[in-house]
1. Suppose all protein chains stay in the model; what accessible area per residue would a 1.4 Å probe give for region 155-226, in Å²?
2. I'd like to check one number: the per residue accessible area of region 91-140, probe 1.4 Å, reported in Å² as a whole number.
3. Computed FRET efficiency, Cβ-Cβ of Ser27 and Ala80, R0 45 Å: what is it to the nearest 0.05?
4. Residue separation times 0.36 nm, minus the C-alpha to C-alpha distance between Asn201 and Ile222: what's the value?
5. If r is the Cβ-Cβ distance from Leu251 to Ile274 and R0 is 30 Å, what FRET efficiency results, to the nearest 0.05?
6. Under a plain spin-label model, where a point goes 7 Å from the Cα along Cα-to-Cβ, how far apart in nm are Thr87 and Ala106?
7. Using alpha carbon centroids, what distance separates region 59-116 and region 157-177, in Å?
8. Check which residues have an amide H placed less than 5 Å from Ala192's amide H, if you skip close sequence neighbours.
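The values are calculated or read from the model by the stated rules, or taken from the named source; none is laboratory data. Being a predicted model, the structure only gives us computed values, none of them experimental. Neighbour counts run over all protein chains shown; Cβ positions are idealised from the backbone, glycine included. Keep in mind that these areas ignore ligands, DNA and RNA; they rest on the heavy atoms of the full protein, side chains included. Shrake-Rupley method; radii C 1.70, N 1.55, O 1.52, S 1.80 Å.
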Amino acid sequence: MSQGLNRHLRVARYTVGSLRRRWRKNSAVVGVYALVIFALASVVFLTQSLTQESVASLHSSPEIMVQRLSAGRHGLTPVADAAALATITGVGSVVPRRWAYLTDPATGETLLLRVAEGGRLREHEAVAGAEVLRRRGIAIGGTLTLRGHAGESVALTVTGLAEATTQLESAAAITVSEAAFRALSGMPDGHAMDLALRVRNPRELPTIAAKIGESHPAARPIVRDELVRTYSALYNWRSGVIVVALLVPVLAFILFAWDKAAGLSPDERREIGILKAVGWETADVILLKCYEAVSVSLAAFVLGAGLAVAVLALPRPSVMLPALLGWSTLYPTFRPALALGAYQIATLFFLTVFPYLVATVVPAWRAGTTDPDLVMRS
């Protein structure tokens, strides 16, 4: 066995014994440290999950969505506008989309109402997301009762599950016939919520969007790629605000760790003096403190990050969710799919573990360079 490896093994064995002797102190530090990491990990992991959820739900949307503006706000779009947009060079097809938000008085949640394509549903039939049915305790073949636009009750027979690519769609989507849609939303005939454009060449998306804006001043073209970037930037901005707010307890913990490491107890100073007196070098003392700091920080990181992952599995993942969603009352109760990447884990590791290592190793180096006689007499 090489001398260097033997040295590391000797220091590692002593580190295990040192951690055992001060298990109460180390357990308290790991507990507080893990709570700090848990708070930051909840924000980082939840932001990634919501971003992936939003991006995945937009993948099935058309390349360009055209809305009609009225008094500067989003209004209903006449279906007749589709013919004029279809004549623009590069546009493959224009399809009116009928969808609406519907507030459910029973739960207070906002549902997404869509019209079935091709008239495949009868007037009193509907298909709903699995989470929608689960929350209401309705099985396939049961009756789903909603409030119509005029305040009347509309009873629909559930004939199947609505297609959903994300948890959010599964928790909100309800597909009905066109007649039931008009009764529930109050949308007049000949109008749609927006127009979905498919283009032949994706590289021409900005050009086609510019042409629509020039030829139809009352229209607002929305490019799908821009919408994806907007959602990503929005969640990143909100998570950044929360992380900045959480930096105060993080800095407080780092100062606490620095103070504890700099103000070594008499027993710890005497221990360092004895180690140097029996032949340990300053590098060995620093290596010992590095092993202790790495052990504590890794244990806290695994515990805090693991707790954050476990909380994300709950029906309402975190108290951070309303802050990240913004207008959270518009969203139904849903659990975002867990999405972890190497970038998020590395960022969290750098924000939490690296400062603690610096805050503990530097004071240990100062103590390790002190004369052993002076240390043992103090």
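1. 47 Å²
2. That works out to 55 Å² for each residue.
3. With a Förster radius of 45 Å, E is 0.05.
4. My answer for the length gained is 5.9 nm.
5. Computed FRET efficiency for Leu251 and Ile274: 0.30.
6. My value for the distance between the label points is 4.9 nm.
7. A separation of 18 Å, based on Cα centres.
8. Here Thr77, Val79 satisfy the definition.
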